[in-house]
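Only the coordinates and a few stated rules stand behind these numbers; no lab work does. The structure displayed is predicted, hence computed values, not measured ones. Reconstructed Cβ throughout: ideal geometry from the backbone, glycine too, with neighbour counts over all protein chains shown.
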Amino acid sequence: MGYRRLGGWGLRASEISLGSNNFGTQVDRPLAIRVIDRALELGVNMIDTANVYTGGKSEEIIGEALKGRRDEVVVATKVGSPVVSNNPIGGGLSRKHIMWQFKKSLQRLQTDYVDIYYLHRFDPETPLEETLRTMDYLVREGFVRYVGVSNFDVKQLEATWRTCEELGLEKPIVLQPPYNLLRRDIEVEVAPWCESHGMGVAVYSPLQGGLLTGKYSLGAQPPEGSRAAYNPIYRERWLTAENLQRVEKYREVAGQLGVDLRELAVAWILSHRWVSTAIVGASNPAQVDENVKALEVNIPQSLLEKLDNQR
Ligand SMILES: NC(=O)c1ccc[n+]([C@@H]2O[C@H](COP(=O)([O-])OP(=O)(O)OC[C@H]3O[C@@H](n4cnc5c(N)ncnc54)[C@H](OP(=O)(O)O)[C@@H]3O)[C@@H](O)[C@H]2O)c1
């Protein structure tokens, strides 16, 4: 396993982190614990979750799996997505909601601190100062080691940074955006901004939920047990003819390199020096092994250029 610093900060994350948004549903508790065990055995040191994943089950499973080894792992969780409908304080980034949900996350994770606490998405209705002062308090009191932000655009990053500088508050050290061969928009503004501000980038959905493993083909039924088989929203949004044709082209490139498409997809992400870690989800331990194999792949410059031209 390779390790990279999160931007200009001291925290070092494994190049592959473990995602957990399927723990407690498709992946039941015992299987999820085996997935976590295997990831840690292979050198993964960062696990990503959120208060909203599987109604809190994901955090609970991680808490159980990390008993006795909590300090050896970077645990990242998030706040801000709606958790209680029809309740004006049931989501968002107000001080009230953050403090409520933070307490719940600690209980579920069976811990007294969180390593990276992400703002899950920008909240246009709460003053940034309120949110960032709350996060600053959590860091100063020792409950949170680092602040992160997720799904922020450049304007939102800029406003966050400026507010922290003006008020002397703890700055976010990492952005968590989507990024993969099919979703490259952060390359234009967001990634250069992060690089120039020393902010780490922990990218999510590097395999686009499995599409970039090559397991789905035009006209074929999704394999049994796969995300597309059980999640109609995912199937309709991502298994389009256009996407599947693009995936075929990437599969050809992978073939030229003599590797699997999923290896190419993850290795390509890590070929960008501004990426700190790729947060890959897995539904069994074998997938973790397969995904970590991507670290052995070195993509030659000529193929990187070819991939750039296929955007
Ligand atoms: N911040 C945010 O807003 C946000 C949003 C989304 C995700 N995330 C984070 O990012 C993590 C990863 O995202 P993701 O799960 O959506 O996407 P992903 O990592 O691109 O895809 C993971 C899925 O691909 C399939 N897969 C993985 N390895 C495989 C292999 N070797 N062979 C075949 N299939 C394989 C598995 O699904 P099946 O086996 O079911 O097909 C697995 O659940 C999440 O768990 C979460 O922690 C964050």
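Listed by chain and number, the aspartates and glutamates whose alpha-carbon sits under 18 Å from that of K104, ignoring those within fewer than 8 places in the same chain, are D48, E59, E60, E64, D112, D115, E141. Taking label points 7 Å from Cα along the Cα-to-Cβ direction, Q221 and K103 give a separation of 4.9 nm. The separation of region 36-66 from region 263-291, counted between C-alpha centres, amounts to 16 Å.
Applying both filters, DSSP loop and at most 11 other Cβ atoms within 10 Å, to the trypsin sites (Lys or Arg not before Pro) of region 21-69 gives K67, R69. Rounded to the nearest 20, the Cβ-based charge dipole of region 169-311 about its Cα centre (Lys and Arg +1, Asp and Glu -1) stands at 200 debye. Its residue count N fixes a reference of 2.2 N^0.38 Å for region 1-97, and the Cα radius of gyration divided by that reference is 1.19. Check each of the GluC sites (Glu not before Pro) in region 160-266 and keep only those in coil by DSSP with at most 16 other C-beta atoms within 10 angstrom; list them in order. Here the GluC sites (Glu not before Pro) that fit, given the DSSP loop and packing criteria, are E189, E224.
Counting only Cβ charges, +1 for Lys and Arg and -1 for Asp and Glu, the dipole size of the chain around its Cα centre is about 400 debye. Can you pull a Stokes-Einstein diffusion coefficient for the chain at 10 °C (1.306 mPa s), Rh from Kirkwood over Cα pairs, as a whole number of µm²/s? D, rounded to a whole number, is 80 µm²/s. Per-residue Karplus couplings for region 221-228, computed as 6.51 cos²θ - 1.76 cosθ + 1.60 with θ equal to phi - 60°, are listed in order as 5, x, x, 4, x, 7, 4, 5 Hz, Gly and Pro entered as x. Each residue, Q256 and E242, gets one label point 7 Å from its Cα in the Cβ direction; the gap between the two is 2.4 nm.
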